[in-house]
Structures are given as C-alpha cells and as structure tokens.
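No lab work stands behind these numbers, since they all come straight from the coordinates. What you see is a predicted model; the values in this text were computed from it and never measured. Reconstructed Cβ throughout: ideal geometry from the backbone, glycine too, with neighbour counts over all protein chains shown.
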Amino acid sequence: MIGAVRALVSVVMLAGFYVVALLQLVALVAVGFLIADWTTGLVAVKIVVPVLIAAIGALAVSMWRAIRHRPDPAVGVPVTEAEAPALWATVRELAAEVRTRMPDEIRLMPDVNAGVSEDARLLGLVGGRRYLYIGLPLLQAMTVDQLRAVLAHELGHYSGLHTRLAGIAYRGRLSIAGTVGALPPYNPTGWVFRGYGRLYRLVDNVVSRRQELEADRAAVRVAGRTAAISALRELPGLDAAWDFFFSRYVELGWTARFAPDDLFGGFGALLAARTDELAKLREREPEATSSAWDTHPALGVRVAAMAGAPEVDRVADDRPAGALLPYLAATGRRMQQVLIDVGDRQVLPWPEFTAAAIASGDQHGADSVLRAAARATGAQVVSLETVFGLVADDKLGEFAAPFFENATRREAAARFAGPMTLLLRVAAVRSGAGRWVHSWSEPAEFAGVDGRALPLREIAELAVAPATLDEARKRLADLGIDPAAAAIVEERATARGAHIIAGMANVKVDGVGHDILLLNNGFVFVADPGDVDKGRTRLRALAGSGPAEELARTHRFLPYEEVASARVEKRTPIRATLTLHDGTTIALQEKWGSEDLEKDSRETMHEVLAQLGS
C-alpha cells in the first residue's frame, strides 16, 4: 500500500512540476503580448525572450538529465558465493522471507552502513542488476542476528513496489534540482521552481519516512524484535566509533604521508578494546523528534514502533557476524588494497604508524616555534639550542609574549613550559631516547626506550628560567637527549592538515584581481581568476577541487605566521594592508562586486585581520 501511495504521489508531483513549468511559459508569453500592447514589440522581445529562453533551457536540461540518468557504477569489493557461502545463504534466506528477488552481487564497503541498489530503467519501472552492499564494520561489530535485522530492513524496501517505483521519485528530485541549478539565482522563474521543489521534497519525505517504518517491520518479522531493536540502537554508537577511529587514529598519520598496513583490522582492535565505551553509547536515549526535511523517522520513533511488534519465536544467534565471512581479517586487507589509494605514503604497522604520526605532528608544531625563534634571533641554523640561548640571555619572556595573549613577559616565560615540552619531545624522538607508544584502549603515551614515562614537563619548567637552565641541560644529558637534535624541518609554514574557513572573490591584491581562500593557518591567493560575475561559482569549484594543502601548493600561499601586522583602513568594502616580518607589504582591496564563498566569509575575514592586527 505504501509503495502504491509513494508511486502515485511521485508521479502526480512530478507531473505537477512540468505543469508549473508549462504555466510559467504560457504566462511569460502572455506578459510578452501585454508588454507589446503597452510598448513596442521590440521592447517586449528584449524583456520576455531572455527569460523565456532561460526557462525553456532549464526545463529541457532537467528533463534530459532525468531521462538519461544512469546509476553510479557499483562500488565496494565483490564477495562471491564460493568465498562466503554462509553469508550468501543468509541473504538468500532473508530475501525469501521478505519476498523479494535475491541480489545478483554482494559487495563489501568501508562504511557503517548497508544498502541495496538496482540498475533500473524506464524511470525505475523496469528492474535490473541488483547489488547488496554491506559495510565491513558491521561484520566486525554486530552479531549474526543484528546483521540479519539490518539486511532484512534493506531487502524489505524491495518487498513491495515502493523501492522500484522510487526511481520515479528519485528522477523527480533530479529533474527539479536540475532545473533550479540551471537557472540564474535572480531569475523570477527560479523562485517558482525552488518553491515547488521544496514542496516536492516535503511530500516525498513523508512517504519515505513511512517506508522506513515498513522496512523496520520486515526486519522485526524476519530477525526478531530484540535483534532488530538492538541493531538499530547499535548503529549510532558504531558510527561514532568509526568517526572516532578516523579522527584519533588515522587522520594525523594520513596527513603526514603515512598509512596503516591494516586499516580495518585496526578498527576491529579498537572495538575490542573499548567495549565499555561502546556500551555507554548504546545506553543513550535515542532522539524522539525529526525534521520535516528528514527522509528517516527519528530513531526513538523507530525503536518505539519496533517495541510494539510481537516477538518472533526463533533461536537466537549471538555469534559475531564475522562468522559469516571466512578470513575476515584477510578480506579487510584486500579491501584496503582495492579501495584505498595510499599514493606515496609510507605503509607501517599500527604501532609504528601511531608513533610516526604523532611525532610528525609534534615536529610540525615545533617547526612553528622554531621559525619564530629564527625571526627573533636572525639565526640561520635553528634548534632547541636557539631557544635555550634566549632563556640564558633572559629574553624568553619577550620572545614568548606573542604566543600568549594578554600575558606579561614574566607570565609568558613561565607559560612557555608548554611549548618547551613539545620541543623536548621532538629532541627525545630525534635523539632516539623516546617514542610514542600506541594503545587502542587509551590515548598514546610518550615514554623512554625502557617503556617508562619521561619527566619532560618537569624538565621544561626548569628550562624556561635562566637560573635552572643548567639543571635542565644536565637532566636531558642523563636521559640521552640532545637539544640540538630538535632542529627545524619545514623552514616555511605549509598548509598541511589545514582546512578552508572562508573565501572571497574579486579582491585586488596589490592592485591585481584575485580570489582569496582563507585557511585556518593562512591565505591562498588565486590570481586572475576569471569572470567577475561568477565569483561564488568559482570559489565553490575551487574549494571542491582538492584538499586545502594541494590548493596552497598550486597557488600563492601566505601563512598567517609570516604576517607581522594587519591594518584595516576601511571595513566595507574591505581595504587593508598586511605587513610581513621581512618588511614587505600586501594591499587588499575588496571590490563592490565581490562575492563570498559563504554568507559569513566577510565577517571571518574581519576576524582574521583583527587577530593579525593584535
């Protein structure tokens, strides 16, 4: 029933879209005749024809996209029945129970998700090759019963007509989005299309949420109420664990040009080591409300609906879901080889990967401090010894003051024990006296070669005062740490690990037109960018063309740390002068026709200039 409703709603709404388009065309022609009566025919042509052409062109483009759309190529790593007979048997059983056709392929993907897709034709009315996608993390974290519930839900979308006919709804969204995207932002025709598109989405999402509840009922019917609810409650915590894994264990090393030798095996090890934390995530109360723009009901609504269903009388299967896939660890390594391009990164076992990743991050931070020391002293060769020289000359407070806002020189010298600890860690690593120790259950710890913690903070507090500097040196020598080993590696700041925070188009830099991207650690100046009327389009294309680090390499990059001061002569449009540490000045002048990457980009620029000027 829901499938039929969705098909009917989609067809009616999609037809209504074209009716609206036709009515607009008729209205434009009528307005043209009225203008011709009031003025000359030439004036009517000049006013109406451009708008008419834009509307017809946008409509034609959207219809062509909808008709010609082809599904994206299948992703993931295929798993044959010979490789995983138990998994295929389970899926075949589930497909029969929800009364749908067995998928033609099962593919593993690196996501906390599962799904079914089909290469349907004729606006989704004619079925094609069907794919079942299973996220490898689900096999690592769930029980067999929980995985059955997840797969039954996905296959349940195909138990009626609603998923096949959802191709109509999908192409409806594609058609409307294509029309809106093809129209200029200030074209009156676009206002009507945008309004209708929002209405279409609201109506379509209502039915989509009902479909999810229907698929949940299929999961309960096949896998049992307990398994279905536990699987649903497992997903948010598993998703959070996956994000935690990448942000805390993978990203730093990946940015530093390293790669772990067994990415998915690492996630499995993390799950095994943090069972208590995962249990707490499962205990969280699920959200009970959702937005009208959501395609899925709130998790609390879905859990409540499942709880009201009768339990299924079946023998529980609490085995790890990985039991359905022989050689799970080897499959994970194969997925990494097939799906993840490590490029020129050095591949390391997890303990060495973690140690190298954090040490590289420490070096990156130390380089920033040492570059500041080079500017302060004029030294050509800079290391921790250079900073010790500032301490010995009682100049550390003056050097450290810019690192700590509103601190006196005396306070800054004492607080510099933090950056000093960083420099000491780098010296210890490069002297072979210390390293970062990997752990799945807690953050990595810094230790000496004998595995015991090094008292580097204590030594750092001694090293920031002239009277105790010699004692700090002695303790370092006893530990086999050479201060000169903490030398600068990157003599100029790079955009490694940076991200875009704002962007402005059509800004003159020393009198030459530029687009400017603001990173969290510097400016990217793009000279002679192109048509002034397409500034925002250019900025968005530029921001999406690659990582910030690559954009900074391709174009002119000015790190904030190289700016000695910034003076704002005018706020609107922005007019400012940057003075670099070497005395060079850079004039920024925003044009009246400038455009922003996002609506708050101009305010972000003001904040950056204010910080550089302080």
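The figures follow:
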quantity: Reachable lysines, given that their alpha-carbon falls under 29 Å from the alpha-carbon of residue 474 and they are not under 8 places away in the same chain; calculated: 395
quantity: Contact order normalised by residue count of segment 349-485, Cα under 8 Å, 6+ apart, percent; calculated: 28
quantity: HN-Hα J in Hz across segment 451-468 - Karplus 6.51, -1.76, 1.60, θ = phi - 60°, x for Gly and Pro; calculated: x, 8, 5, 9, x, 6, 5, 4, 5, 4, 5, 6, 6, 8, 10, x, 5, 10
quantity: Which of 267, 399, 244 has the fewest Cβ neighbours within 10 Å, and the rest in rising order; calculated: 244, 399, 267
quantity: Summed side-chain charge close to residue 441 - residues other than residue 441 whose Cβ falls under 11 Å, Lys, Arg +1, Asp, Glu -1; calculated: -2
quantity: In range of the label at residue 586: residues from segment 530-556 whose backbone nitrogen is under 18 Å from the point 7 Å along Cα→Cβ; calculated: 543, 548-556
quantity: Hz values of 3J(HN,Hα) by residue in segment 489-502 - Karplus curve (6.51, -1.76, 1.60), Gly and Pro given as x; calculated: 10, 9, 6, 10, 4, 10, 9, 4, x, 7, 9, 7, 10, 5
quantity: Segment 500-613, Rg to Rh (Cα coordinates; Rh as Kirkwood inverse mean 1/r); calculated: 0.92
quantity: For segment 409-469: relative contact order, % (alpha-carbon pairs under 8 angstrom, 6 or more apart); calculated: 37
quantity: Aspartates and glutamates with Cα under 16 Å of residue 591, excluding same-chain neighbours fewer than 8 positions away; calculated: 510, 515, 528, 531, 533, 569, 603
quantity: Debye, to nearest 20: dipole size of segment 349-485, +1 on Lys, Arg Cβ, -1 on Asp, Glu Cβ; calculated: 160
quantity: Residues whose placed amide H lies under 5 Å from that of residue 598, excluding near-sequence neighbours; calculated: 503
quantity: Local electrostatic count at residue 604 - Lys and Arg +1, Asp and Glu -1, tallied over other residues with Cβ under 12 Å; calculated: -3
quantity: Computed FRET value (nearest 0.05) for residue 261 with residue 96, which takes r as the C-beta separation and R₀ as 30 Å; calculated: 0.15
quantity: Potential lengthening between residue 282 and residue 340 on full extension [0.36 nm per residue; Cα-Cα distance subtracted]; calculated: 17.9 nm
quantity: Gyration tensor (alpha-carbon) shape descriptor, segment 349-485, a/c threshold 1.5; calculated: prolate
quantity: Mean separation of Cα contacts under 8 Å, 6 or more apart, over the residue count of segment 423-505: relative contact order %; calculated: 31
quantity: Potential extension, residue 492-residue 333 segment - 0.36 nm per residue separation minus Cα distance; calculated: 53.5 nm
quantity: Residues 296, 153, 364, 499, sorted so that the one with the fewest Cβ neighbours within 10 Å comes first; calculated: 499, 296, 364, 153
quantity: If the convex hull is drawn through the Cα atoms of segment 563-614, its volume per residue in Å³; calculated: 71
quantity: Potential lengthening between residue 312 and residue 202 on full extension [0.36 nm per residue; Cα-Cα distance subtracted]; calculated: 36.1 nm
quantity: Ranked 344, 533, criterion: other C-beta atoms within 10 Å, fewest first; calculated: 344, 533
